[in-house]
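*Asks:* Sharing a structure with you now.
The values are calculated or read from the model by the stated rules, or taken from the named source; none is laboratory data. Treat the numbers as computed from the prediction; the structure is a model and nothing was measured. All Cβ positions, glycine included, derive from the backbone under ideal geometry; neighbour counts span all protein chains shown.
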Amino acid sequence: MKIGIVGLPNVGKSTFFNALTKQNAKIDKYPFTTVKPNLGDVEIPDKRLKALKSVFNPKRVVPTSINFLDVAGLVKGASHGEGLGNKFLAQIRDTDAIVHVVRCFEDINVAHINTVLSPKRDIEIVDLELILADLSTIEKSLEKTKIAGKSGKKEELKRLEVLTKVRDSLQKGDSVRAIRLKEQELRIIKGLNLLTQKPVIYVANVEEDYYKTNESKELVKEVEDIAKLDKAEVMIISAKILQELSELPDENAQEFAKDMKIPYEGLNEFIRASYKLLDIITFFTGNENEVHAWTIKRNTPVVKAAGKIHSDMEKGFIKAEVTNWEDLSDAGSISKIKEMGTYRVEGRDYLVKDGDVIYIHFHR
């Protein structure tokens, strides 16, 4: 899973990226410090892995992860090539979701593209550029579809109808997320990788003292009001503080956070929100060699989950042995849980549940 971090220049995107990934992406007080995208994987903290490690006593434990992409700041006119706009837009097309970092702190030492700070205006600038980029994509696709539609084929006419519907909504300033599209319609536009179709989390980046003073609460409220209309999550985070915490040993970080009255779970909470945003779950495999966590979309059939482990498992799928991680942890071993009767056999259409421990039987 890949999440793109977006926003205007100098809102704290790279600082937030560093806090997430514990990397050292370049940060400066001026716009366009980020030219090439920063990439980083974030391991997902999961207490269930520790429990399964006790059961299998494996040689290694492999957590699941989310890939984060930090790209150059977006400016007005980006959809027409202003700033680093075209590169920016191309870089986030293949992401699964977007984290929109919004500046909610005053700092005369950190340049901002506008004199007066306004989260609402900043969000609208970014959203408009994404909408315009999607509109360009849709119009190009419409041109090709109109030609193909002359054949009178039913599928081409349906595609023309859906693309026209999306174009009309974008022209009104609505994101694709806001359009009520049926499953068939979503399949038609899936390959276009439309930017405003991607789910979004807003990160209100506040000053270091926010947790004590709440001085920027009116700025944060602007973000919350927009997110409510977009039916999106909002995370209130001081990226600078979280980056500093990420550089400390866990015990010291917890003590520092307590002194600063900062919610130390900030990053873990954000990662959990990312899971919810992407509608993904985790299942596990385990033996004496390895305990491995895997992420898949909710309601994925077990045969497709097998393909996540290895393509041969999907092609030669026979059956799956399934149990819940908590039941297995309580039992203490596979043999014990089989005796208890909560270890069951499932066919290829079984929908994997969060926390399932699965053993795949397949022929090569």
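*Asks:* For the range 311-347, give me each residue that is at pLDDT below 95 and either part of a loop (DSSP other than H, G, I, E, B) or touching a Phe, Trp or Tyr at 6+ places or on another chain (Cβ under 6 Å) (or both).
*Replies:* 332, 333, 337, 341, 342, 343
*Asks:* Given the residues 231, 240, 258, 212, which is the only one that is of a type outside the set (A, V, I, L, M, F, W, C), surrounded by fewer than 13 Cβ atoms within 10 Å (Cβ to Cβ) and within 22 Å of the chain's Cα centre (by Cα)? Can you show your working first?
*Replies:* Details: 240 fails: surrounded by fewer than 13 Cβ atoms within 10 Å (Cβ to Cβ); 258 fails: within 22 Å of the chain's Cα centre (by Cα); 212 fails: within 22 Å of the chain's Cα centre (by Cα).
Selected residue: 231, the only one of 231, 240, 258, 212 that is of a type outside the set (A, V, I, L, M, F, W, C), surrounded by fewer than 13 Cβ atoms within 10 Å (Cβ to Cβ) and within 22 Å of the chain's Cα centre (by Cα).
*Asks:* Quick check: anything in the range 166-183 in the same structural domain as residue 14 (by TED's automatic domain parsing), crowded, with 19+ Cβ neighbours inside 10 Å and either in contact with a Pro (Cβ under 9 Å, 6 or more places away or on another chain) or touching a residue at least 40 places away in the same chain (Cβ under 8 Å) (or both)? Steps first, answer last, please.
*Replies:* So the first thing to find is which residues in the range 166-183 are in the same structural domain as residue 14 (by TED's automatic domain parsing), and the list is none.
Within the range 166-183, none of the residues are in the same structural domain as residue 14 (by TED's automatic domain parsing), crowded, with 19+ Cβ neighbours inside 10 Å and either in contact with a Pro (Cβ under 9 Å, 6 or more places away or on another chain) or touching a residue at least 40 places away in the same chain (Cβ under 8 Å) (or both).
*Asks:* Now, a different point. Looking only at residues in the range 288-334 that are over 16 Å from residue 53 (Cα atoms) and among the small types (Gly, Ala, Ser), which one is surrounded by the fewest Cβ atoms within 10 Å (Cβ to Cβ)?
*Replies:* Step one: filter the range 288-334 for residues over 16 Å from residue 53 (Cα atoms), giving 295-322.
From the residues that got through so far, the ones that are among the small types (Gly, Ala, Ser) too are 305-307, 311, 316, 320.
On the way: 305: 25, 306: 25, 307: 18, 311: 10, 316: 14, 320: 24.
The selected residue is 311.
*Asks:* Is there a residue being of a type in the set (D, E, K, R), at pLDDT 80 or above and over 30 Å from residue 128 (Cβ atoms) anywhere in the range 213-236? Before the answer, list the steps.
*Replies:* Let us first name the residues in the range 213-236 that are of a type in the set (D, E, K, R), namely 215, 217-218, 221-222, 224-225, 228, 230-231, 233.
From what is left, the residues that are at pLDDT 80 or above are 217-218, 221-222, 224-225, 228, 230-231, 233.
If we keep only those that are over 30 Å from residue 128 (Cβ atoms) as well, we get none.
Checked against the condition, which is being of a type in the set (D, E, K, R), at pLDDT 80 or above and over 30 Å from residue 128 (Cβ atoms), the range 213-236 yields no hits at all.
*Asks:* With respect to residue 327, is the statement that it is closer than 30 Å to residue 199 by Cβ and outside the structural domain of residue 209 (by TED's automatic domain parsing) true? Outline the logic, then answer.
*Replies:* Numbers: closer than 30 Å to residue 199 by Cβ: no; outside the structural domain of residue 209 (by TED's automatic domain parsing): yes.
When the stated conditions are applied, residue 327 does not pass them.
*Asks:* Can residue 146 be described as within 24 Å of residue 128 (Cα to Cα) and surrounded by 12 or more Cβ atoms within 10 Å (Cβ to Cβ)? I'd like the intermediate steps shown before the answer.
*Replies:* Numbers: within 24 Å of residue 128 (Cα to Cα): no; surrounded by 12 or more Cβ atoms within 10 Å (Cβ to Cβ): yes.
Answer is no for this residue.
*Asks:* Sticking with this one: From the residues in the range 42-63 that are in a helix (DSSP H, G or I) and more than 23 Å from the chain's Cα centre (by Cα), which one is surrounded by the most Cβ atoms within 10 Å (Cβ to Cβ)?
*Replies:* Taking the range 42-63 and keeping what is in a helix (DSSP H, G or I), we get 47-56.
Among the residues that remain, those that are also more than 23 Å from the chain's Cα centre (by Cα) are: 50-56.
Numbers: 50: 12, 51: 16, 52: 22, 53: 15, 54: 10, 55: 20, 56: 20.
Ranking the qualifying residues of the range 42-63, first place goes to 52.
*Asks:* So how many residues does the range 280-330 have that are within 25 Å of the chain's Cα centre (by Cα) and free of Cβ contacts under 8 Å to residues at least 24 places away in the same chain?
*Replies:* The number of residues fulfilling the criteria is 6.
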